[in-house]
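What follows is calculated from the coordinates using simple rules that are stated; it is not laboratory data. This structure is a prediction, so every number in the text was calculated from the model and none was measured. All Cβ positions, even for glycine, are placed from backbone atoms using ideal geometry, and neighbour counts span all protein chains on display.
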Amino acid sequence: MTELRHRGAETPIQTQPSEDKGSDSELKVEKDGASDGESKVDSGGPEVPVPADDTPEVLNKALSGLSSRWKNWWVRGILTLAMISFFFLIIYLGPIVLMMIVLCVQIKCFQEIITIGYSVYHSYHLPWFRTLSWYFLLCVNYFFYGETVTDYFFSLVQREEPLRILSKYHRFISFALYLTGFCMFVLSLVKKHYRLQFYMFGWTHVTLLIVVTQSHLIIHNLFEGMIWFIVPISCVICNDIMAYMFGFFFGRTPLIKLSPKKTWEGFIGGLFSTIVFGIMLSYVMSGWRYFVCPVEFNNDSNRFQVDCEPSELFQLQDYSLPAVLASFTGWTTVRLYPFQIHSIALSSFASIMGPFGGFFASGFKRAFKIKDFANTIPGHGGIMDRFDCQYLMATFVNVYIASFIRGPNPSKVIQQLLALRIDQQLNIFNSLKAHLTEKGFLPALEEVAA
């Protein structure tokens with residue numbers, strides 16, 4: 001206990017002589033901290049060191065004559081254009097590069113959140129904390145990516161003996177790996193650090209839930225067609241930029257206490273701008289097979305391909321306008337891609353619900369008295385600061401596709417049938433033949449063939 005007193009004196013976190021008293025003190029802090037005005041309670045919470053300004057020296061010199069407000073505006077603007085250019089580049093490089101970038105972003109976001117936890121409780125020297133955190137990240141990624149490979153590359157997996165074995169026992173292997181990490185955590189428990197070790201165990205798992213599962217959904221969306229990846233992400237980026245612009249120039253009315261710089265003017269301006277942007281971007285992209293076709297693996301060429309006959313979702317159709325709009329525009333019909341209608345739902349979610357991901361991140365940062373998750377991107381903060389809204393958007397897109405878009409996939413059914421034994425295939429063939437004959441379709445098909 002003497003050791004804990006010495007360590008507690010060196011850190012912002014005050015530790016009482018006994019664990020029971022510490023619990024009472026923490027409960028008191030939580031009750032008092034319910035009020036935003038109680039700054040004294042908040043000031044005693046854990047803090048993360050504020051990172052130094054890492055704005056490139058060239059920009060500092062070029063913008064030295066500007067006020068801090070306008071300097072930040074130019075820094076954010078220049079680096080936003082740079083990030084958008086990089087986004088266009090990875091789109092050009094194809095879906096595989098996009099998947100690798102998603103994985104890299106996931107790892108960096110995980111590292112930023114875990115580093116905050118490590119910085120807050122660094123003085124306690126928790127045994128194996130960082131090692132176990134990265135081990136659990138490896139386990140979860142092995143599970144999710146293994147499921148993806150088995151689902152989307154079924155024919156490739158069945159063709160290669162090692163992959164077939166790994167696929168067959170994939171979930172058991174994943175569970176065994178996680179169980180190993182769980183046992184390592186239990187063995188690392190130290191009496192004087194119990195509570196903090198369980199805090200950080202929960203910290204790691206919540207981080208995995210927020211970061212890894214959402215990035216897995218992003219990759220699933222990408223396999224449905226690059227348009228389901230690009231349009232949602234672009235809508236979030238557009239909303240972020242336009243809300244900032246409208247708020248910067250016209251913002252007067254605060255939107256939410258968690259993020260004092262957010263304004264109603266920026267929120268509303270971002271909403272309408274994003275909806276218009278989503279409709280226009282969807283119209284441009286729906287005409288390209290490269291963007292609308294699902295990403296599939298070609299067994300003949302042993303490579304990924306993005307080529308198909310576009311579905312009705314990406315074929316122009318005529319829509320009748322309501323009488324009010326017809327009298328206003330003078331048009332009775334408009335020619336649109338059905339996906340453009342869906343893009344209204346995507347852009348609306350990106351503008352209305354997407355910012356709540358940012359508000360959640362703002363609350364998290366305020367809890368630990370930090371401005372940004374990291375200082376990776378000058379003027380923007382860390383990678384997590386740029387993707388806090390994207391993860392919420394990824395979940396919505398995945399649910400939206402499953403609920404309103406995705407139907408039975410004949411190619412996957414055929415792949416699974418070909419993996420069966422011959423007697424099983426014949427049994428299914430006879431059952432299907434009897435069903436079609438009973439429905440009256442098979443004779444008609446035979447007559448057409450004759």
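A few remarks follow.
- Long-range HN-HN contacts of F304 with modeled amide H, under 5 Å: N298
- Semi-axis lengths, Å, region 305-450, gyration tensor of Cα atoms, sqrt of 5 times eigenvalues: 47, 29, 13
- Sparse-neighbour loop sites [GluC sites (Glu not before Pro); region 137-232; at most 16 other C-beta within 10 Å; DSSP]: E160
- Computed packing ranks the peptides 95-102, 261-268 as 261-268, 95-102, most packed first, by mean other Cβ atoms within 10 Å.
- Taking a sphere under 14 Å around the Cβ of W264 and counting the other residues whose Cβ falls inside, with K and R at +1 and D and E at -1, yields a net charge of +3.
- Note, ³J(HN,Hα) from phi for region 239-249, Karplus 6.51, -1.76, 1.60, rounded to Hz, x at Gly and Pro: 4, 4, 5, 5, 5, 5, 5, 5, x, 5, 8
- Unsatisfied cross-links (Cα-Cα over 31 Å) in the set K168/K365; K71/K257; K192/K261: K168/K365; K192/K261
- Amide hydrogen neighbours beyond the local backbone of L321, cut-off 5 Å, H modeled: T333, V334
- Distance from the C-alpha centroid of region 353-427 to that of region 257-282: 21 Å, rounded to the whole angstrom.
- Pairwise label distance in nanometres, I96 with W128, each label 7 Å out on the Cα-Cβ vector: 3.7 nm
- Note, ³J(HN,Hα) from phi for region 347-361, Karplus 6.51, -1.76, 1.60, rounded to Hz, x at Gly and Pro: 5, 5, 5, 4, 8, 8, 9, x, x, 5, x, x, 5, 4, 5
- Phi-derived couplings, Karplus 6.51 cos²θ - 1.76 cosθ + 1.60 at θ = phi - 60°, listed residue by residue for region 396-406: 4, 4, 5, 5, 5, 4, 5, 8, 10, 10, 5 Hz, with x used for Gly and Pro.
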